[in-house]
1. Got a number for residues in the range 199-224 being crowded, with 16+ Cβ neighbours inside 10 Å and not small (G, A, S)?
2. Checking the conditions here, which among T4, T87, T20, T34 is of a type in the set (V, I, T), more than 25 Å from V160 (Cα to Cα) and modelled with pLDDT under 95?
3. Under 7 Å between Cβ atoms, which residue pairs at least 6 apart in sequence (or on different chains) link something in the range 111-134 that is free of Cβ contacts under 8 Å to residues at least 60 places away in the same chain and in a loop (DSSP other than H, G, I, E, B) with a partner that is buried (at least 18 other Cβ atoms within 10 Å of the Cβ) and not aromatic (F, W, Y)?
4. Filter the range 51-86 for residues that are touching a helix residue (DSSP H, G or I) at 6+ places or on another chain (Cβ under 8 Å) and of a type in the set (F, W, Y) and give the result.
5. Which residues, counting only those in the range 210-228, are without any contact (Cβ under 8 Å) to a residue 60 or more places away in the chain and closer than 20 Å to E134 by Cβ?
6. Pick out the one residue from R185, R149 that is closer than 21 Å to I235 by Cβ and of a type in the set (K, R).
7. Would you say D27 is over 27 Å from S165 (Cβ atoms) and surrounded by fewer than 19 Cβ atoms within 10 Å (Cβ to Cβ)?
8. Among the listed residues L96, L67, L42, L55, which satisfies the condition of being buried (at least 23 other Cβ atoms within 10 Å of the Cβ) and either more than 20 Å from the chain's Cα centre (by Cα) or part of a helix (DSSP H, G or I) (or both)?
Amino acid sequence: MITTTRNILIVDDEPDIRDTVADILNDFGYETDTACDGPDALVKIRNRSYDVALLDFKMPGMDGLTLFREIRRVSPETSAILTSAYTGDGVAEDALGSGIRRVISKPVDMNEVIAEVDRQLERPVVLVIDDDSEFCQSIRDVLDDQGFRVSIAEDESVAVRLLDSRRPNVVLLDIKLSEGSDASRVFKAIRTSSADTEIVLVTGHRPETERVIKELMSNGAAAVCFKPLNVQCLIDALHKLV
């Protein structure tokens, strides 16, 4: 079992609310940071990995739903919970349709908040390392719908940085990365970061990668999937691995 971090970002323009929520979560053993608005939150999330973001909907300048869309681009693995006193006019429906995991009405019931935070922390983390942006985005959407949190790295340097801050349950590793990146080196970095992380190899270049596939499978890779992927087979394999 991989130890899950418990980093929570609380974003609310009302200082009494965000400080109170942070104090309660700290008392329960979570690590919290606070932000007073959207830009402040984005600065923090670019500098630290958060498992869950608790976002107020009604804030000046950038509302919580707009902020979530920006967070999703910067840190797609961060689960978001929206808090709002304004749940009419389709707010909740729009939020849930965009990928927000839960909408909680204000004034918040902290028992409900903590229960939802714990649910999000239980979602397995999958790191996708692939230089194909379209593939990364499409697989992220599929896996998010299946209950996984998904990190994305399109080159070796980003992958190593993410591995320094997070211990994914599973890594999907493209064997043929862009020039300057080396899948075997990334494989070793994953193993150095966490011996418990399962690694699934992915490639669309089967003949020319057979030697690397054999080498990495002999060193403990759990499976190999060939592009175009059979998505259902991949989902089934991931559920078994976690």
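1. 10
2. T87
3. R123/S79; R123/R149; D131/E154; D131/D174; D131/L177
4. F57, F68 - these are the residues of the range 51-86 that are touching a helix residue (DSSP H, G or I) at 6+ places or on another chain (Cβ under 8 Å) and of a type in the set (F, W, Y).
5. C225, F226, P228
6. Of R185, R149, the one residue that is closer than 21 Å to I235 by Cβ and of a type in the set (K, R) is R149.
7. no
8. L67
The values are calculated or read from the model by the stated rules, or taken from the named source; none is laboratory data. These numbers were taken from a predicted model, which means no experiment stands behind them. Note that we place each Cβ from the backbone using ideal geometry, even for glycine, and neighbour counts take in every protein chain shown.
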